[in-house]
Every structure is written in C-alpha cells, then in structure tokens.
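Working notes, beginning with the structure itself.
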Amino acid sequence: MTETVDVRVDSWTGVRTYVVGSRQDRPNLPAAACPFCPGGLEAPDEYEVRCFTNRWPAMPGDRCEVILYTPEHDATFWSIGAAGARRVVDLWAERSSELGGRPEIEYVLVFENRGPEVGATITHPHGQIYAFDFVPDVPLRELLRGTAFDDPGERIVATAPGWRALVPEAPTFPYALLLVPDAPVPDLPSLDDDGRDGLAALLVDVLERLDRLFDANTPYMLWIHQRPFDGKHWPHARLHIEIVSPWRAQGVLRHVAAGELGSGVFFNTVAPEDAARALREALVSSP
C-alpha cells in the first residue's frame with residue numbers, strides 16, 4: 001500500500017497533525033474471519049503474543065505496529081492472567097527497545113483502544129505502538145514539568161509488588177487510573193523481572209475491576225509514557241501507565257464538548273475519591 005502522509009503544523013496553535021489520506025480507505029470491520037486469530041491474515045501461524053507492522057499506518061517508515069495479546073479471540077487483557085500479561089509486557093519492552101534504537105526515532109508510545117466507543121474495529125485483544133521522530137507534546141510537557149506522583153491517600157485502588165494503581169487527583173474522565181512503579185524506572189526496557197511481573201499483575205487487576213464495575217466489557221483507552229529514546233538526559237522521566245474509560249455510567253458516554261475543548265478546562269461528574277472507592281469495591285462485590 002502506498003503511504004500518503006502530509007505532516008502539517010498549525011501556524012496558530014502549533015499543533016502537529018498527520019493528514020493520512022490512505023487510512024480513509026481502511027476497512028472498519030473484518031470482511032470475513034478475524035485477521036488476528038491464528039491462521040488469519042495477520043497471524044498465519046500459531047502464537048502466544050505477536051507484533052507486526054500496521055498495514056494501515058498513521059505514519060510512514062514502518063513506525064506503526066500492532067501487538068496481539070493472545071490467540072484467544074474472546075479473551076480480555078485480564079482473562080489471560082498474569083503469565084499472559086507478562087508476555088505482553090515483555091513484547092512491549094522488546095519493541096520499545098528495537099524501535100527506540102532506530103536513529104530517527106525519539107519517542108515510542110505504546111497504547112490500546114478497547115471497544116467501538118473509542119474506535120476499535122476488531123474485538124480480538126490487541127494494542128498498538130507508534131514510534132515518533134519527535135517527542136510529542138503531551139509526554140514532553142510531563143517531562144519538562146517533572147513527573148512527580150503524590151501520596152494518593154483514599155484515591156489508591158490496588159497494589160502489586162513494586163507498583164500501585166491510583167485515581168489521579170484531577171482526572172478529566174470520571175474513571176481514570178494511573179499505574180506507577182515504586183522505583184524511579186524510566187522506561188519499559190529498564191524494568192527488571194520483578195518490575196515486569198508486578199506491572200503484569202496490576203494490569204490484570206485493574207482491568208478486571210473496570211469490567212466488574214460496569215458488569216460489561218468496559219471500553220477504555222490505555223497509554224504508556226516512558227523516557228524518550230533520543231539520547232538526551234531526561235532526569236524526571238518515570239514510566240507510568242494511564243487508563244481512562246469514556247463511560248460515566250454503564251453504556252453512558254462522557255462527552256468532551258465545546259466548553260472543554262474551547263477552554264482547555266475540564267468538568268468531571270465523578271469525584272476521584274468516589275471513583276477509587278468504586279474500583280476498590282468492584283472485585284469484592286463481584287461473583
């Protein structure tokens with residue numbers, strides 16, 4: 001497929017946009033069998049976890065990859081268990097190191113969109129990786145501000161060895177989670193075995209809590225911020241994972257609309273302490 005990408009920077013706001021005409025023609029749903037199941041278009045052989053170059057890339061130069069979490073089509077991230085999640089964490093780290101080692105790459109963003117509400121068109125558990133030739137604005141602002149995580153108090157949700165999950169103090173979504181390591185680990189490749197085990201266990205824990213909370217396959221967006229791979233000194237870089245759901249109640253979307261987009265000020269209908277309490281209790285009250 002020919003990549004047609006036009007990178008533009010708005011002269012008024014400074015926002016960078018990739019205009020990718022070729023992605024307009026990508027299929028919204030698989031025409032036949034799932035392409036991510038073993039034997040499918042993107043997974044011709046058996047696998048445990050798998051990565052491949054996205055055939056509908058948002059950026060040129062083989063900088064967009066798809067990560068398959070499991071061969072089980074109807075699985076969820078949490079249903080694959082800590083051992084399955086550890087394989088995903090290892091692949092995230094491996095691909096971050098490989099992509100980040102390319103001389104033109106400055107930042108590697110690992111992320112997942114789950115559910116049609118956030119644009120996922122294939123239900124088979126999977127995520128993506130974008131390798132940027134610059135450090136994007138959002139992680140750059142965090143890095144320049146200094147990544148510091150306060151004592152969450154009653155906003156704590158769960159812990160795993162070497163990790164904790166909390167609701168941020170001022171989240172823009174009603175249900176949001178921040179996963180941070182206890183040690184100042186800068187990026188995925190720097191995680192040792194214990195750190196990877198802890199992250200895998202915590203991801204399984206909190207993603208099950210989201211599904212139990214709403215008694216449904218809760219849509220969510222997940223992204224991982226880590227140290228840039230540009231070779232510069234980033235003393236405040238600290239690995240962390242953010243997870244947000246677009247739901248404010250089961251099946252009820254939280255819309256970000258003109259008042260928020262126009263001002264950059266956000267209005268949340270759920271107190272972070274209440275969200276944390278609900279998530280803490282989600283597994284206790286589940287069957």
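The values are calculated or read from the model by the stated rules, or taken from the named source; none is laboratory data. Computed from a predicted structure; not experimentally measured. A quick note on method: Cβ atoms are made from the backbone with ideal geometry, for glycine too, and the neighbour counts reach across all protein chains shown. SASA here: full protein model, heavy atoms, side chains in, ligands and nucleic acids out. Shrake-Rupley method; radii C 1.70, N 1.55, O 1.52, S 1.80 Å.
Scaling the Cα radius of gyration of the stretch 197-242 by the globular reference 2.2 N^0.38 Å produces a ratio of 1.56. In order along the stretch 83-92, phi translates into HN-Hα couplings of 5, x, 5, 4, 5, 5, 4, 4, 5, 4 Hz, rounded to whole numbers, per the Karplus curve 6.51 cos²θ - 1.76 cosθ + 1.60 with θ = phi - 60° and x for Gly and Pro. Counting only protein heavy atoms and using a 1.4 Å probe, the accessible area of C37 comes to about 30 Å².
Shape verdict for the stretch 115-162, please, from the Cα gyration tensor: rounded (a/c under 1.5), prolate (a/b greater than b/c) or oblate. It comes out oblate by the Cα gyration axes. Isolated cysteines in the chain, defined as those with no second cysteine Cβ under 4.7 Å, comprise C51, C64.
With the contact rule set at Cα under 8 Å and sequence spacing of 6 or more, what percent relative contact order holds for the chain?
On the way: 533 pairs, mean separation 51.1, N = 287.
Reported relative contact order: 18 percent.
The sum of -39500 (n - 2.57) across all DSSP H runs of n ≥ 4, divided by the residue count of the chain, sets its helix-only mean residue ellipticity at 222 nm to -7500 deg cm²/dmol.
Can you give the relative contact order of the stretch 123-208 as a percent, counting alpha carbon pairs under 8 Å and 6+ residues apart? Computed over the stretch 123-208, the figure is 24 percent.
Accessible surface area normalised per residue over the chain is 50 Å², counting heavy atoms of protein chains with a 1.4 Å rolling probe.
Can you give the Rg to Rh ratio for the stretch 68-121, taking only C-alpha atoms and Rh from Kirkwood? Mind dumping the intermediate values first?
Numbers: Rg = 13.5 Å, Rh = 12.9 Å.
When Rh is taken as the Kirkwood radius, the ratio is 1.05.
Based on the inverse mean of 1/r over its pairs of different Cα atoms, what is the Kirkwood hydrodynamic radius of the chain, in Å? Mind showing how you got there, number by number?
Details: mean 1/r = 0.0502 Å⁻¹.
The answer is 19.9 Å.
For the stretch 29-181, the percent of C-alpha pairs falling in each 10 Å distance bin, counted from 0 to the bin holding the largest distance, reads 9, 32, 37, 19, 3.
Suppose R0 equals 22 Å; then what is the FRET efficiency for D90 and E273 from their Cβ-Cβ distance, rounded to the nearest 0.05? All intermediate terms of the calculation are to be shown ahead of the outcome.
Values: r = 35 Å, r/R0 = 1.58.
Using R0 = 22 Å, I get an efficiency of 0.05.
In terms of its C-alpha gyration tensor, the stretch 141-285 comes out oblate, because a/c is 1.5 or above while a/b does not outweigh b/c.
Can you pull out the GluC sites (Glu not before Pro) in the stretch 36-71 that DSSP calls coil and that have at most 16 other Cβ atoms within 10 Å? Display every interim value, and only then the final one.
Values: sites: E42, E46, E48, E65; in loops: E42, E46, E48.
Listed in order of number, the matching sites are E46, E48.
Over the stretch 179-287, what relative contact order in percent results from Cα pairs under 8 Å that are six or more residues apart? Walk me through the numbers on the way to the answer.
Details: 98 pairs, mean separation 34.5, N = 109.
Once divided by the residue count of the stretch 179-287, the mean separation gives 32 percent.
Return the loop-located trypsin sites (Lys or Arg not before Pro) in the stretch 105-160 (DSSP other than H, G, I, E, B) with at most 14 other Cβ atoms within 10 Å of their own Cβ; answer none if there are none. Don't skip to the answer; put the middle values down first.
On the way: sites: R114, R141, R145, R155; in loops: none.
Nothing satisfies the criteria.
Start at zero, step by 5 Å, and the Cα-Cα distances of the stretch 113-204 spread as 2, 10, 16, 19, 24, 20, 8, 1 percent across the bins.
Quick one: putting +1 on the C-beta of Lys and Arg, -1 on the C-beta of Asp and Glu, what dipole do you get for the chain around its Cα centre, in Debye to the nearest 20? Don't jump to the answer; show the numbers that get you there.
Numbers: 26 positive and 42 negative charges, 109 e Å.
Magnitude of the dipole: close to 520 debye.
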